[in-house]
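Scroll down for the structure; my scribbles are underneath it.
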Amino acid sequence: MSIETPADWNGLRAASTVARMTLDLLEHDVWPGVTTGELDSMAAQLLVAHGARSAPAIAYGFPRTVLISVNDGIVHGIPGPRRIAPGDVVKLDVTVAKDGYVADAARSVVVAPPSTTARRLVACAESAFRAGAAVARAGVRVNEIGRAVEREVRQWGFTVVEGLAGHGVGRSIHEPPCVPNQWDRHQKDVLTEGLVLTIEPMISVGSSRPVQDADGWTLRTRDGSLAAHYEHTLVITHGHPVVLTAAAA
């Protein structure tokens, strides 16, 4: 969607605030011994308390509230009985629907004690997001975001996972345009003022190709290497984008 009215700003900010609060809660409670199902229950209670719902559950029938993927899991992991262990890389992906607006954000958390590789991978995902956001302004081709993300990831010595991308958002969970994390010659869209979208690098230590679990949801690295994911919802302007799901938005 593109923001057209003050009501759009207010609605998106409200949904984004709930998404950020949920991520803050989950990140605080990611400790060895907690199950991903217990984390999901915490998220569900917070959403209900703020009049919000899980957008993936509404749109796609996702069986839980938030998406939690661990270690070689890249994205779309189903919370359940798995217990978090020391050194795990935990991806927390929250998409909130509230009063007709949708906001999407994700973080990767390394459980202590972190390996050097895990710590660098998570830092790279956030750095790649910032590189993409730095070129995201009205009049620029969407492809420039992917070019910046991939360049940053390669400089860190890691790999962009193919076929996974950011997207438009705002009224529904997935809207045009597709926002690849690599240069894509088929993506010819140009960013416009007020456009709402996500930038979300999904990267790995090794393979660039994901495989899907038998559960029909979870995507993992083909070679079992660690993965990381970082995402915000933002609004395109003629200057720096407004990052709605960040604390200062």
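The values are calculated or read from the model by the stated rules, or taken from the named source; none is laboratory data. Here the structure is a predicted model, which is why all the values come from computation and not from measurement. Note that we place each Cβ from the backbone using ideal geometry, even for glycine, and neighbour counts take in every protein chain shown. Surface accessibility is based on the protein's heavy atoms, side chains included, excluding ligands, DNA and RNA. Shrake-Rupley method; radii C 1.70, N 1.55, O 1.52, S 1.80 Å.
Put a dot 7 Å past the Cα of ARG222, heading toward its Cβ, do the same for ARG141, and the two dots end up 2.7 nm apart. Considering only LEU234, VAL153, SER2, and ranking their Cα positions along the charge dipole of the chain that arises from unit charges at the beta-carbon of Lys, Arg, Asp and Glu, the one farthest toward the positive end is VAL153. Short-range pairs are left out: with C-alpha atoms under 8 Å and at least six residues apart, the relative contact order of the chain is 22 percent. Highest mobility in the GNM of the chain, judged by mean-square fluctuation with C-alpha springs under 10 Å and restricted to ALA55, ALA125, ALA85, is found for ALA85. The phi torsions of the range 49-57, fed into the Karplus equation with coefficients 6.51, -1.76 and 1.60 and a -60° offset, translate into couplings of 4, 10, x, 10, 9, 7, 5, x, 5 Hz, rounded to whole numbers, with Gly and Pro shown as x. For the set LYS188, LYS91, solvent exposure ranked by accessible area (probe 1.4 Å, protein chains only) runs largest to smallest as LYS188, LYS91.
What order do you get for 19-27, 151-159 when each peptide is scored by the mean count of other beta carbon atoms within 10 Å, highest first?
19-27, 151-159
Since only PRO113, VAL169, VAL190 are under comparison, the one whose Cα sits farthest along the positive direction of the charge dipole of the range 103-249, derived from C-beta charges on Lys, Arg, Asp and Glu, is PRO113. Considering every alpha-carbon pair of the range 1-76, the percent of pairs per 10 Å bin, from zero through the bin containing the longest distance, is 16, 45, 29, 9, 1.
Using the 1.4 Å probe convention, the accessible area of the range 1-67 works out to 46 Å² per residue with neighbouring protein chains retained.
Legend: translational diffusion of the chain by Stokes-Einstein, Rh = Kirkwood radius over C-alpha pairs, 37 °C, 0.692 mPa s; D = 185 µm²/s. Positive end of the dipole of the chain (Cβ unit charges, origin at the Cα centre): among THR22, ILE58, GLY100, the Cα lying farthest that way belongs to THR22. The residues of the range 157-229 have, on average, 44 Å² of accessible surface per residue, using a 1.4 Å probe with all protein chains present. Can you tell me how the range 86-195 classifies by the Cα gyration tensor, rounded, prolate or oblate, using a/c under 1.5 as the rounded cut? Verdict is oblate for the range 86-195.
In this structure, GLN212 and ILE58 have a Cβ-Cβ separation that, at R0 = 22 Å, corresponds to a calculated FRET efficiency of about 0.50. Roughly speaking, to the nearest percent, how much of the chain's 1.4 Å accessible area is carbon and sulfur? So the carbon and sulfur contribution to the accessible surface is 53 percent.
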